[in-house]
Amino acid sequence: FDPRHYLGTHCYSFPKTGPHRLRFLLESVKDLRETLKKKGSTLVVRKGKPEDVVCDLITQLGSVTAVVFHEEVREIL
């Protein structure tokens with residue numbers, strides 16, 4: 001979870017993620033983790049800036065050969 005997603009917006013300081021959306025996200029992650037456990041896998045969940053968290057995970061795991069990601073689509077005003 002990137003803390004920057006839970007701050008106010010640049011314009012008008014509206015929350016980017018309100019309490020209902022946050023609850024939905026948390027429930028979705030919990031459900032995904034439970035589903036993966038049933039299949040013999042797991043889900044790593046971290047809080048922090050992705051550029052820092054991913055680097056730390058790669059260091060901890062030590063045997064990473066590839067990292068795949070997607071960029072969030074942003075609306076240009």
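The values are calculated or read from the model by the stated rules, or taken from the named source; none is laboratory data. Everything quoted here is computed from the prediction, not taken from an experiment. Using ideal geometry, Cβ is built from the backbone for each residue, glycine included, and neighbour counts are taken over all protein chains shown. For the accessible areas, the whole protein counts, side chains as well, though only heavy atoms, and no ligand, DNA or RNA atoms are used. Shrake-Rupley method; radii C 1.70, N 1.55, O 1.52, S 1.80 Å.
The numbered conditions (1) of a type outside the set (Phe, Trp, Tyr); (2) open to solvent by 100 Å² or more (accessible area, probe 1.4 Å); (3) at pLDDT 90 or above; (4) assigned to a loop (DSSP other than H, G, I, E, B) are all true for Ser41 except (2).
Pairing each residue of the stretch 32-47 that is under 23 Å from Leu22 (Cα atoms) with any residue that is open to solvent by 60 Å² or more (accessible area, probe 1.4 Å) and in a loop (DSSP other than H, G, I, E, B), provided the two are 6+ apart or on different chains, yields C-beta distances under 8 Å for Arg33/Thr42; Leu36/Thr42; Val45/Phe1; Arg46/Phe1; Lys47/Phe1. Regarding Ser28, is this residue part of a helix (DSSP H, G or I) and among the small types (Gly, Ala, Ser)? Judged against the criteria, Ser28 is a match. Evaluating Ser63 against the criteria (1) in a helix (DSSP H, G or I); (2) open to solvent by 90 Å² or more (accessible area, probe 1.4 Å) leaves one unmet condition, (1).
Let's see how each residue does on (1) assigned to a loop (DSSP other than H, G, I, E, B); (2) open to solvent by less than 100 Å² (accessible area, probe 1.4 Å); (3) at pLDDT 90 or above; (4) touching a strand residue (DSSP E or B) at 6+ places or on another chain (Cβ under 6 Å):
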position	(1), (2), (3), (4)
Cys11	yes, yes, no, no
Leu32	no, yes, yes, no
Thr35	no, yes, yes, no
Gly48	yes, yes, yes, no
Asp52	no, yes, yes, no
Thr59	no, no, yes, no
Val67	yes, yes, no, no
His70	yes, no, no, no
Glu75	yes, no, no, no
